[in-house]
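Following: one structure in structure tokens, then a few remarks.
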Amino acid sequence: MNFRKLAVAAIKEEVKGKEDNKIFICNRLMTYAELAQLAEQGDEEVKKCFLDPYVKKLKTVPEFRLQVLAMLGLSNS
Amino acid sequence: MTLLVAPVFDNVTTYCIVWADNIKSLLTNLTVIEGRKVTRAEVEDALVDKKLFIFYDHGNETGLFGSNTEQVANSNNIDKLPLSVYTMACLSAKIYGVDVWRSGRVFWGYYDVFSFTTDSLPEFEQFANSGITLISQGKSWSEAYDSTISLGNDLAKGLSDSGKYIASVAMSNNTSALRLYDSTHAPKETQCTFRRIALALFGAKGWNLRRLGKRATLD
């Protein structure tokens, strides 16, 4: 399982319908739409401040991983 | 005898001042400076005779910002601080908080960036305000810290249970970034290689190498 690809896909999926929500990370206030775009583009700051922690949580919290997989319509394999 | 400082000078600070406003009712003998750019001089003046300094908003490794350009508190004015400092400022526990603790004071802050999302503002406010809420109810710093870590973990789980995975990751980040430095919680991280070795060898006493060295010489 490629956790980084999974995290980016999950962010993009969650953002659907709430693109205008905002997140404050890396000393920047950005919309969810911008977050998804920057995560996909591999923006260094977003990677360090948000994508890496997202990947870490996917790897270390099985319940969280299952919930994210369910959102994406995938199974845990 | 508390000083609460909550500057407003950008988009982010307009969110956090709401959280700061909601702790005012918990505190007695409170002096408040908020809602605008704040200068170092007025903070230093207002700190006289205070027992607790609460600061909401931007910080970095070396201090707390009252505006885009000025740190109202950093390692050069630690002597003006009261015995305890409580802040939600990003990164402040990295260097500044350690310096505050090494001066014999209690420091509550964040080792990494404090994040929040606008779809879950009540949860992030609850987490940011948890420590000072518990302290105002008579809990010790240590008890407040342990309870706030538990709260952060519970909130992160609740957010993911309700499908807010982005907010959940941000909450988990905040929880793992929260630090309390007091008599029972010494800082464990350092940027300095020699200090890292000293901490590995001597534990918390590694922060007082000069004192250890003097004692060894006297012995």
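The values are calculated or read from the model by the stated rules, or taken from the named source; none is laboratory data. Values in this document were obtained by computation on a predicted structure and should not be read as measured data. Every residue, glycine among them, receives a Cβ derived from its backbone with ideal geometry; neighbour counts consider all protein chains shown. Please note that ligands, DNA and RNA were not included when accessible areas were found on the heavy atoms of the full protein model with its side chains. Shrake-Rupley method; radii C 1.70, N 1.55, O 1.52, S 1.80 Å.
Things to note:
- A count restricted to the range A:49-64 and to residues that are open to solvent by less than 40 Å² (accessible area, probe 1.4 Å) and within 22 Å of B:Asp161 (Cα to Cα) stands at 8.
- Qualifying positions in the range B:161-174 - open to solvent by 10 Å² or more (accessible area, probe 1.4 Å) and either assigned to a helix (DSSP H, G or I) or not charged (D, E, K, R) (or both): B:Asp161, B:Ser162, B:Gly163, B:Tyr165, B:Ser172, B:Asn173
- Number of positions in the range B:51-86 that are of a type in the set (S, T, N, Q), assigned to a loop (DSSP other than H, G, I, E, B) and open to solvent by 50 Å² or more (accessible area, probe 1.4 Å): 3
- Positions within the range A:18-34 being at the interface with another protein chain (Cβ under 7 Å from one of its Cβ atoms) and hydrophobic (A, V, I, L, M, F, W, C), in sequence order: A:Ile23, A:Phe24, A:Ile25, A:Cys26, A:Leu29
- Criterion: within 14 Å of chain A (Cβ to nearest Cβ) and not hydrophobic (A, V, I, L, M, F, W, C) - qualifying residue of B:Asn174, B:Asn129: B:Asn174
- Exactly one residue out of B:Ala89, B:Ala6, B:Ala46 is open to solvent by less than 10 Å² (accessible area, probe 1.4 Å) and at pLDDT 95 or above, and it is B:Ala6.
- From A:Val15, A:Val46, A:Val8, residue being more than 20 Å from B:Gly158 (Cα to Cα), buried (at least 17 other Cβ atoms within 10 Å of the Cβ) and either within 10 Å of chain B (Cβ to nearest Cβ) or in contact with a strand residue (DSSP E or B) (Cβ under 8 Å, 6 or more places away or on another chain) (or both): A:Val46
- Which listed residue, of B:Thr118, B:Thr148, is over 20 Å from B:Ser84 (Cα atoms), open to solvent by less than 50 Å² (accessible area, probe 1.4 Å) and not small (Gly, Ala, Ser): B:Thr118
- Number of the exception - B:Val38 against (1) modelled with pLDDT of 95 or more; (2) open to solvent by 20 Å² or more (accessible area, probe 1.4 Å); (3) assigned to a loop (DSSP other than H, G, I, E, B): (2)
- Residue ID - surrounded by the fewest Cβ atoms within 10 Å (Cβ to Cβ), chosen from residues in the range B:175-192 that are within 25 Å of A:Lys47 (Cα to Cα) and of a type in the set (Gly, Ala, Ser): B:Ser176
- Any hit, the range B:124-141, residues being without any contact (Cβ under 8 Å) to a residue 24 or more places away in the chain, open to solvent by 10 Å² or more (accessible area, probe 1.4 Å) and within 25 Å of B:Thr190 (Cα to Cα): no
- Within the range A:44-59, the set of residues being more than 24 Å from B:Leu121 (Cα to Cα) and either modelled with pLDDT of 95 or more or within 12 Å of the chain's Cα centre (by Cα) (or both) comprises just one member, A:Lys59.
- Qualifying residue in the range B:143-150 (condition: of a type outside the set (A, V, I, L, M), within 30 Å of A:Ala9 (Cα to Cα), within 14 Å of chain A (Cβ to nearest Cβ) and assigned to a helix (DSSP H, G or I)): no
- Residues within the range A:27-38 that are outside any strand (DSSP E or B) and modelled with pLDDT of 95 or more, tallied: 7
- The range B:49-67, residues that are within 10 Å of the chain's Cα centre (by Cα) and of a type in the set (Gly, Ala, Ser): B:Gly59
- Residues of the range B:193-219 satisfying the condition of being open to solvent by less than 60 Å² (accessible area, probe 1.4 Å) and modelled with pLDDT of 70 or more: B:Arg195, B:Ala198, B:Leu199, B:Gly203, B:Ala204, B:Gly206, B:Trp207, B:Asn208
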